[in-house]
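Below is one structure, written out as structure tokens; comments come after it.
The values are calculated or read from the model by the stated rules, or taken from the named source; none is laboratory data. Keep in mind that this is a model prediction, so the values were computed, not measured. Here the Cβ is made from the backbone with ideal geometry for all residues, glycine too, and neighbour counts use every protein chain on show.
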Ligand code: AMP
Ligand code: GLY
């Protein structure tokens, strides 16, 4: 079977690496891809926002499955367009992708289905939001309703910060994503992510993971897409994961089905492990990046088989098998990220870093220059991922590999995994 993978990040490199290993995969295409993905797949210069062009490509190249990595094309309706053309897509419809695309949509489902989450209220104008704030006080969490590239959330410890955040969002800081504001009770606890495949009817639990969103050691500095991750997440015991499946993910899949928008793809639940058990922080409708990288290192089951079962509504009775080992990813980013950074710096040493068979370096923002050298073209650039008997060993191995990479313009956190090792 020919497969087309959409995306260009570390997540997509990990997916490409795993898809390409499957005996069920004949040709793997990727659009737009990156220098690492192009080693696993045939990269094609398709405009992934042009759904008609994607459909045309699939028809001409006998593509039977399209795997969508990032959320933006899903929220824009890629799965709907391809589905109408008779092409199977691993990823939800635009309506189902509202679980990530609209915080108020998800919160309303939580209310209707009794899904544990922070208490909240939704506002469409500044004055009512400010009035609610006055009544409830800080700490409080202020969120732009729509997609804001992970930047639309402010955990405000005091009234001034909360007020400013409300004014910023309604003032247009996030464009259309800020037409509505959600104000939420601040939950206390440790965060973890749980992933599950959904075929519209059935759900299949995958593994848990934890990431590091802040740019610098000690969880300091600005928020990023994620500077590292590991799996399993010690805080998410089997019992808590089972509880999250039963009380959060399964009722959500049921809600989507009952609303006539069955969810097909991978559901990523951001959880807060509170004194009262797991509560939902947010949903994403795709794999996490970088969480996907260590997950794929541990996955023993054929990924094409799992994705095929998902799109064919055949997940019932399925299992996903995981290595007993832990996996950990250190993200190497260009100096300056998540602010302004330069592109084009040369990177070397990846072969040396991967001499250890338990290490794999997944690429994110990389390309080859005319001389064939590897260059950095983005903020997050490399995902150095290692397996180990436990998180401590995976961490040692990943950092030993990082040391072998020669990239003066790069930086990385030195403490990925600290929460699991503390
Ligand atoms: P979100 O984009 O909804 O995942 O929010 C980004 C981050 O803000 C989360 O990963 C949490 O660290 C934090 N956060 C969001 N909502 C809450 C909440 N209700 N209580 C505490 N922290 C939150
Ligand atoms: N690592 C967080 C995310 O993928 O949203």
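Values as computed for the structure displayed
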read-out	value
Test result for residue 271, assigned to a strand (DSSP E or B) and either closer than 26 Å to residue 361 by Cβ or modelled with pLDDT of 95 or more (or both)	yes
The stretch 107-128 residues that are more than 22 Å from residue 246 (Cα to Cα) and at pLDDT below 95, paired with ones that are away from ligand 1 (no atom under 15 Å from the Cβ) and outside any helix (DSSP H, G or I) (beta carbon under 8 Å, 6 or more apart)	124/179
Those residues of the stretch 166-199 which are buried (at least 21 other Cβ atoms within 10 Å of the Cβ), over 21 Å from residue 152 (Cβ atoms) and more than 16 Å from ligand 2 (Cβ to nearest atom), in sequence order	197, 198, 199
Residue match in the stretch 303-311 (condition: away from ligand 2 (no atom under 16 Å from the Cβ), in a loop (DSSP other than H, G, I, E, B) and within 23 Å of residue 268 (Cα to Cα))	no
Wholly enclosed helices (runs of 4 or more DSSP H) of the stretch 1-112 bearing at least 2 residues closer than 17 Å to residue 283 by Cα and away from ligand 1 (no atom under 16 Å from the Cβ)	72-75
The one condition in (1) surrounded by 18 or more Cβ atoms within 10 Å (Cβ to Cβ); (2) more than 12 Å from ligand 1 (Cβ to nearest atom) that residue 160 fails to fulfil	(1)
Test set (1) within 16 Å of ligand 1 (Cβ to nearest atom); (2) in a helix (DSSP H, G or I) - residue 280 fails condition number	(2)
Count - residues of the stretch 344-394 that are out of contact with any helix residue (DSSP H, G or I) (no Cβ under 7 Å at 6 or more places or on another chain) and closer than 19 Å to residue 420 by Cβ	4
Residue in the stretch 284-326 that is farthest from residue 15 (Cα to Cα), counting only those that are within 16 Å of ligand 1 (Cβ to nearest atom) and buried (at least 24 other Cβ atoms within 10 Å of the Cβ)	285
Those strands (runs of 3 or more DSSP E) lying entirely in the stretch 137-240 with at least 1 residues touching a helix residue (DSSP H, G or I) at 6+ places or on another chain (Cβ under 9 Å) and at negative phi	140-144, 153-156, 181-184, 190-199, 203-211, 228-231
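Here is a yes/no grid of residues against (1) closer than 20 Å to residue 200 by Cα; (2) surrounded by fewer than 18 Cβ atoms within 10 Å (Cβ to Cβ); (3) touching a strand residue (DSSP E or B) at 6+ places or on another chain (Cβ under 9 Å):
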| site | (1), (2), (3) |
| --- | --- |
| 79 | yes, no, yes |
| 85 | yes, yes, no |
| 112 | yes, yes, no |
| 115 | yes, no, yes |
| 121 | no, yes, yes |
| 136 | no, yes, yes |
